[in-house]
Amino acid sequence: MTITKKSFIQQFPLNQDVGKTYLSWTVGLLSVIMVFILTGFFSFYDPYTDLTSEPSFTIEIPFLSENPDHSSVLVERVLVFLKTVPALKKIEVVEKDDLLKLLEPWVNNQSNLADLNLPVFIDITVDNSIPLDAKLLTHQLRQISAGIHVEPYGRWKSMAKIHHRTFQVLALGCVGLILSIMMMLVSLVTKTFLMSYRSIVDILRLMGAKNAFIARQFQTQAFTGCLKGSFAGLILGLIMVYGLSILPQIIGLPILFEPLLRFNLLPFFLFLPFVTAFVSTLVSRITVSRLLYSLEQ
Amino acid sequence: MPYQRRPSVEIIKFERVGLQYSTGQTVFYELSYSFFAGTFYFLTGPSGVGKTSLLKLIYRGFKVSEGKISVFGRDVDSLSASELPSFRQRMGLVFQDCRLIDHLSVLDNVALALKITGTDTRRSRTYATELLHWVGLGDHLDNLPLQLSDGQKQRVAIARAVITRPLLLLADEPTGNLDAHSAHRLMSLFEELNKMGTSIVLATHNQALVSAFPYIELSLHQGQIQAKPPLQNRHPRDYY
């Protein structure tokens with residue numbers, strides 16, 4: 001027999017209990033969901049940061065079908081005018097190829113794309129330090145051509161801001177919900193363990209074991225179970241997210257979903273299993289202490 | 001002031017103690033008695049008279065309904081939840097059903113009692129090995145309790161109860177399931193412990209066993225203790 005070869009005494013036979021495996025698997029599954037939510041959160045966060053940098057407008061110059069040559073002249077005139085406006089920091093004509101790329105997913109027959117008569121878009125960025133009268137700018141541009149349309153981004157930005165906040169709150173809410181479920185799960189499993197081994201608990205208490213001594217093994221089980229499950233879930237989740245991000249390229253679908261998986265976020269993700277394990281340890285300790293206290297009364 | 005082991009010191013003191021079960025049955029009423037340190041007591045009486053309840057009152061398995069019990073100079077009822085473990089570490093408990101932990105080896109069952117007091121695993125196992133040799137179980141260190149006979153299990157339970165060198169040993173029907181020879185062997189162990197200074201309260205309904213040993217007999221009758229002094233010229237051989 002090799003029972004005494006172990007360097008520690010396990011007063012509860014938790015290693016042989018299926019509850020431990022159940023805990024790891026469930027925590028793993030919840031971690032996968034958490035990785036999805038957090039990846040979405042970070043993917044959404046970055047474009048918003050670009051949007052909020054400085055006020056900008058897009059000037060749309062319609063395609064003149066009756067006189068196509070005049071369109072390019074019109075663009076030149078607009079550009080010359082814009083260069084005279086001191087408040088403009090950046091003037092950039094959107095390339096036709098870039099527009100076509102944006103349209104690609106929505107057009108079935110790709111050969112028709114080149115024949116499309118597209119308006120010309122000019123993105124302008126305003127210098128924050130110099131005031132710009134947007135109405136006057138629109139008026140002046142319409143004097144060049146009545147069909148010119150100026151689209152301010154302020155409205156879109158405010159909408160994006162609302163959507164961003166909503167998504168942020170929902171994402172954090174979901175993460176909080178998942179952590180709560182994990183905590184409830186750990187508490188439930190610990191209570192089940194404790195009640196299953198009630199006879200051993202009673203013996204230990206009669207031998208003078210302190211609550212901390214009795215709780216220690218449950219804490220260790222919660223820590224290792226959650227750490228293993230959480231790590232497995234994290235790795236699986238990251239692989240799945242990466243797979244989903246490259247799948248459209250592999251099977252030739254338009255990119256509709258592109259999570260941002262960057263290396264600078266890796267420490268954050270690697271930190272998650274430890275947070276989960278630490279919280280689980282605390283929950284386990286509190287559960288055992290509360291239950292033992294109620295038994296003592 | 002810390003308790004010190006002296007023959008004349010009261011180790012347990014019952015003062016007008018009453019105990020009533022939740023069913024309304026009164027077990028003890030106005031019970032007063034003092035147990036002295038270093039003494040061996042037999043607690044006798046027929047089944048159901050309250051022997052186990054009296055022991056439970058001492059280690060605070062039950063709380064008194066009225067009156068006061070002092071153990072090691074402390075009012076047992078006033079002990080807080082945090083004080084209770086260290087209070088129980090100063091006494092050893094032996095039960096009729098042994099209450100060993102089935103998945104642990106004999107050695108670890110005994111070593112665990114030391115580990116609870118803060119001794120490291122290695123030293124706990126070393127002391128437990130020595131003690132198990134002393135109780136005659138040196139060849140069964142790695143056995144599980146299920147592989148032992150009733151007498152062997154009781155010896156493990158005693159080893160577990162005394163490994164921490166308790167001031168007080170409470171034994172509830174430890175010889176209940178044993179034949180006369182095994183019972184005598186256990187009694188020899190208890191006597192050895194008592195000689196080393198441990199106070200012993202041994203509850204039993206085995207009158208033959210009590211008659212064979214020269215110790216104070218406390219007979220429980222109608223919720224009161226009647227002390228009978230030990231008879232002279234008794235010898236254990238009279239028992240078996």
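Computed from the C-beta positions of B:Lys228 and A:Ala212 and an R0 of 45 Å, the FRET efficiency is 0.50 to the nearest 0.05. Ranking of A:Glu151, B:Glu83, B:Glu217 by neighbouring Cβ atoms within 10 Å, starting from the fewest: B:Glu83, A:Glu151, B:Glu217.
Across the cross-link table entries A:Lys191/B:Lys51; A:Lys210/B:Lys153; A:Lys96/A:Lys161, which are compared at the Cα atoms, the separations over 27 Å belong to A:Lys191/B:Lys51; A:Lys96/A:Lys161.
For chain A, excluding the exposed loop sites themselves (GluC sites (Glu not before Pro), DSSP loop, at most 11 other Cβ atoms within 10 Å), the longest remaining stretch covers A:96-297.
Restricting the stretch B:1-89 to chymotrypsin sites (Phe, Trp or Tyr not before Pro) that sit in a DSSP loop and have at most 13 other Cβ atoms within 10 Å of their own Cβ leaves B:Tyr21. Within the shell of other residues whose beta carbon sits under 13 angstrom from the beta carbon of B:Leu132, the net charge comes to 0, with Lys and Arg scored +1 and Asp and Glu -1. When you filter the trypsin sites (Lys or Arg not before Pro) in the stretch B:155-221 for DSSP loop state and at most 13 other Cβ atoms inside 10 Å of their Cβ, nothing is left.
Quick check: from the Cα gyration tensor, does the protein assembly as shown come out rounded (a/c under 1.5), prolate or oblate? In terms of gyration-tensor shape, prolate.
Per-residue Cβ neighbour counts within 10 Å put A:Thr84, A:Thr39 in the sequence A:Thr84, A:Thr39, beginning with the fewest.
With a Förster radius of 51 Å applied to the C-beta separation of A:Lys83 and A:Leu236, the computed FRET efficiency comes to 0.40.
Under the membrane-span-like helix rule (DSSP H runs whose alpha carbons stretch at least 20 Å along the helix axis, mean Kyte-Doolittle hydropathy -0.5 or higher), chain A yields A:18-51, A:68-82, A:154-196, A:211-251, A:266-296.
Using only the Cα atoms of the stretch A:140-264, build the gyration tensor, take square roots of its eigenvalues as a ≥ b ≥ c, and label the shape rounded, prolate or oblate: rounded if a/c is under 1.5, else prolate if a/b is larger than b/c, else oblate. Because a/c hits 1.5 or more and a/b exceeds b/c, the stretch A:140-264 counts as prolate.
Taken together, the values in this text are just the output of simple stated rules run on the coordinates, not laboratory data. All figures in this text were calculated on a predicted structure; none of them were measured in a lab. Positions of Cβ are generated from backbone atoms using ideal geometry, with glycine treated the same way; all protein chains shown enter the neighbour counts.
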